[in-house]
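Engineer: I have a structure here, written as structure tokens, and I will follow up with some questions on it.
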Amino acid sequence: RIMPVRWSRYNPSYLEPEVKKELYEKPSEELTEEEREQMELKAVRPIKAAPPTLSSSVFTDPMISKFTNMMMKNGNKVLARSLMSQTLEAIKRKQLEKYHKAPENEKETIECNPYVIFHQALKNCQPIIGLSNITRGGKTYQVPVPLTDNRKRFLAMKWLITECRENKHRRTMMPEKLCQELLQAFNNEGPVIKKKHVLHKMAEANRAYAHFRWW
Amino acid sequence: TLRLICTTTAVQKNNAGASGPEKYTEAFIKKQIEEFNLGKRHLANMMGEDPETFTQEDIDRAIAYLFPSGLFDKQARPMMKHPTEIFPEQRKIQWGEDGRPFHFLFYTGKQSYYSLMHETYEKLLNVQKHQDQLIAQDLPLQKEKRNLAGSRWLTKIELEEMLLEKLSDDDYSRFIQLLQKLVALPCADIEEKYIQKFSREVPVQLQKVVIEPLQYDERGVAFSTGEGKRKTARATAVVYDSGTGKITVNGIDILHYFPVLQDREQLLFPFQFLGRIGKHDMVCTVSGGGRSSQAGAIRLASAKALRSFVTEKEVEFMRQAGLLTVDPRVKERKKPGQEGPRRKFTWKKR
């Protein structure tokens, strides 16, 4: 067997697979110029195999799978996935409790869909600007730097998980802790949002060093 | 009489490596070609075949019969090929008798590459001049889009063969960038011939695979088989056209064989993608690998089996969704001097 090292097993000409069914059901008239070109390119190039986490069912969500992978320890995907589903169930239960107790006029404002809550909480946790260490003349400065989308999402998820693992009471289960954190983040409260605000304030304070960035 | 004791440097042997690889003269190559053709006719005569219609494959078979060899390396076995395939194409000597080189860019070292770049840039300037002329005359610029998807540029190896020179990756990428810049201009149709020298056609669509027709069971039910693999797992699936969406793996129902939701999702992925969840029955056998690779193997096998039930367009959609490609990722080997495939031993200062 030929074992390549340090590069992907796929040839660089392979393209990413597109799993969503709606994009294939669109008739050809509705496609824009770029989409037409993309379709033609896809017809000629080979395409990578879809990974086991990706599927076209309504229940797959790329953000949820990324979060599950980050929660996973030692490759135990079964456990991580069950924790995730328990978290979503717990969120739904809490929201339903609130819904049934609330008076009539407030019933519409309460969000019951756990996926919507998860996405909104993640969005609220994402920092806009980050700090990076730049060494000039022997001293290391914390320079404010714009972040890419991927980096923002990664930081938000990492903060949520570390917050749940470390700063909570030892006897509570992970789904409960996560559920609490997510609901707090959804309402723009809680320690993760505070951490994000602290980061923003530090960036604002170090505004003077912004010109050190060269990229 | 005096005897010569001290020897001059002229008598000492010339430096063997300085002249580079052995250079063949044209007369030598011509002689080799004549000998090859003569030898071909002799060989045909010996084998009792017609000397006029003796192809290269016949030559290979005859040589393998007359000189059997047990060597593993095919290149080491006796072979008889046309001299152009054996002797690599070489440049003739680039300078005249007085030592003066013919090409004006000889002293750059990569004369054909730089002359090519100069030519291409000249064409680019031509196109720009033409464009300016059209703008000056207020004529509309031609906007016919070339079919970018059907053609590809020459690879580095092909370019090296064309120029008979070694290129670096950087040189190659610069050349391709220049070509792309040339193609991007609206009036590039003028230099179409020149550009075609450097582009190859890609086989139009990747649907080279033959879709098998449906087979019919004793009861009259249509079915088709497919094989799939992932890591070390090998699976075969038989998809029936009957009715209920029952799936059996190695004689066991999927709920019992795959307790994890992710694996069952993978099994149903091709059916859900085509919208045929309740319409097909499946019986599969799988061996080897772990739980996730077995699920991936069955997924590939069922997708291959479903191709016979479905129109060509939907097969193309399945391919674009990544259902029909074999996943090439396998476990990376452990290297000596390291603990695992990537993890190094703990670094100790002393």
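The values are calculated or read from the model by the stated rules, or taken from the named source; none is laboratory data. Source: prediction; values computed, not measured. Methodologically, a virtual Cβ is constructed for each residue, glycine included, from the backbone with ideal geometry; neighbour enumeration extends over all protein chains shown.
Engineer: Report, by residue number, each residue of the stretch B:194-253 that is part of a loop (DSSP other than H, G, I, E, B), within 14 Å of another protein chain (Cβ to nearest Cβ) and among the hydroxyl-bearing types (Ser, Thr, Tyr).
Structural biologist: Correct list: B:Thr232 only.
Engineer: Return yes or no: is B:Arg333 at the interface with another protein chain (Cβ under 9 Å from one of its Cβ atoms) and either closer than 30 Å to B:Ile277 by Cα or in contact (Cβ under 8 Å) with a residue 24 or more places away in the chain (or both)? Show your work before the answer.
Structural biologist: Working: at the interface with another protein chain (Cβ under 9 Å from one of its Cβ atoms): yes; either closer than 30 Å to B:Ile277 by Cα or in contact (Cβ under 8 Å) with a residue 24 or more places away in the chain (or both): no.
For B:Arg333, the condition - at the interface with another protein chain (Cβ under 9 Å from one of its Cβ atoms) and either closer than 30 Å to B:Ile277 by Cα or in contact (Cβ under 8 Å) with a residue 24 or more places away in the chain (or both) - is not met.
Engineer: So is A:Ala49 of a type in the set (A, V, I, L, M), within 8 Å of another protein chain (Cβ to nearest Cβ) and part of a loop (DSSP other than H, G, I, E, B) or not?
Structural biologist: yes
Engineer: While we're on this one: Just a yes or no: is a residue in the stretch B:224-242 touching a strand residue (DSSP E or B) at 6+ places or on another chain (Cβ under 7 Å) and not assigned by the TED database to the domain that holds B:Gly296?
Structural biologist: no
Engineer: Follow-up question, since we're still on this one. Looking only at the stretch B:293-349, count every residue that is assigned by the TED database to the domain that holds B:Ser224 and farther than 24 Å from A:Leu23 by Cβ and tell me the total.
Structural biologist: Qualifying residue count, the stretch B:293-349: 8.
Engineer: Name the pairs: first residue in the stretch A:72-85 and surrounded by 14 or more Cβ atoms within 10 Å (Cβ to Cβ), second residue in a loop (DSSP other than H, G, I, E, B) and modelled with pLDDT under 95, Cβ to Cβ under 7 Å, at least 6 apart or on different chains?
Structural biologist: Pairs found: A:Val78/B:Val260; A:Ala80/A:Met72.
Engineer: Follow-up question, since we're still on this one. For the stretch B:283-299, enumerate the residues that are within 30 Å of the chain's Cα centre (by Cα) and outside any helix (DSSP H, G or I).
Structural biologist: Passing the criteria: only B:Gly289.
Engineer: Mind listing just one residue for me: the one in the stretch A:52-70 that is within 23 Å of B:Leu274 (Cβ to Cβ), in contact with a helix residue (DSSP H, G or I) (Cβ under 6 Å, 6 or more places away or on another chain) and surrounded by 16 or more Cβ atoms within 10 Å (Cβ to Cβ) and, of those, farthest from the other protein chains (Cβ to nearest Cβ)? Let's see the steps before the verdict.
Structural biologist: At the first step, the residues of the stretch A:52-70 found to be within 23 Å of B:Leu274 (Cβ to Cβ) are A:52-62, A:65.
After this cut, where a residue has to be in contact with a helix residue (DSSP H, G or I) (Cβ under 6 Å, 6 or more places away or on another chain) as well, the list is A:52-53, A:55-57.
When the remaining residues are screened for being surrounded by 16 or more Cβ atoms within 10 Å (Cβ to Cβ), the result is A:52-53, A:55-56.
Values: A:Pro52: 5, A:Thr53: 7, A:Ser55: 5, A:Ser56: 5 Å.
So, considering only residues that are within 23 Å of B:Leu274 (Cβ to Cβ), in contact with a helix residue (DSSP H, G or I) (Cβ under 6 Å, 6 or more places away or on another chain) and surrounded by 16 or more Cβ atoms within 10 Å (Cβ to Cβ), the one farthest from the other protein chains (Cβ to nearest Cβ) is A:Thr53.
Engineer: Still on this structure, I have one more. Only one of these is surrounded by 15 or more Cβ atoms within 10 Å (Cβ to Cβ) and at the interface with chain B (Cβ under 10 Å from one of its Cβ atoms): A:Lys42, A:Lys94. Name it.
Structural biologist: Details: A:Lys94 fails: at the interface with chain B (Cβ under 10 Å from one of its Cβ atoms).
Exactly one residue qualifies, and that residue is A:Lys42.
Engineer: State whether the residues of the stretch A:20-30 include one that is hydrophobic (A, V, I, L, M, F, W, C) and surrounded by 13 or more Cβ atoms within 10 Å (Cβ to Cβ).
Structural biologist: The first filter runs over the stretch A:20-30 and keeps only residues hydrophobic (A, V, I, L, M, F, W, C), leaving A:23.
Keeping just the survivors that are surrounded by 13 or more Cβ atoms within 10 Å (Cβ to Cβ) gives A:23.
Scanning the stretch A:20-30 turns up at least one residue that is hydrophobic (A, V, I, L, M, F, W, C) and surrounded by 13 or more Cβ atoms within 10 Å (Cβ to Cβ).
Engineer: Further question: Of the numbered conditions (1) away from chain A (no Cβ under 14 Å); (2) surrounded by fewer than 11 Cβ atoms within 10 Å (Cβ to Cβ); (3) within 25 Å of B:Ile157 (Cβ to Cβ), B:Asp169 satisfies every one except a single condition; which is it?
Structural biologist: So the condition that B:Asp169 fails would be (1).
Engineer: Right, next: Of all residues being in a helix (DSSP H, G or I) and closer than 25 Å to B:Val249 by Cα in the stretch B:308-320, which is farthest from the other protein chains (Cβ to nearest Cβ)? Just the residue, please.
Structural biologist: Here is the first cut: in the stretch B:308-320, the ones in a helix (DSSP H, G or I) are B:308-309, B:312-320.
Checking which are closer than 25 Å to B:Val249 by Cα leaves us with B:308-309, B:315, B:318-319.
Numbers: B:Ser308: 20, B:Phe309: 17, B:Val315: 12, B:Met318: 9, B:Arg319: 6 Å.
Out of the qualifying residues, it is B:Ser308.
A quick yes/no check of all residues on (1) within 12 Å of chain A (Cβ to nearest Cβ); (2) farther than 29 Å from B:Tyr216 by Cα:
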| residue | (1), (2) |
| --- | --- |
| B:Leu268 | yes, no |
| B:Arg276 | no, no |
| B:Ser292 | yes, yes |
| B:Ile298 | yes, no |
| B:Leu306 | no, no |
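Engineer: Which pairs turn up if I take residues in the stretch B:244-272 that are of a type in the set (A, V, I, L, M, F, W, C) and look for partners that are assigned to a strand (DSSP E or B) and crowded, with 16+ Cβ neighbours inside 10 Å with beta carbon separation below 7 Å, at least 6 apart in sequence or on another chain?
Structural biologist: B:Ile247/B:Met282; B:Val249/B:Cys284; B:Val249/B:Val286; B:Ile254/B:Ile247; B:Leu267/B:Ile247
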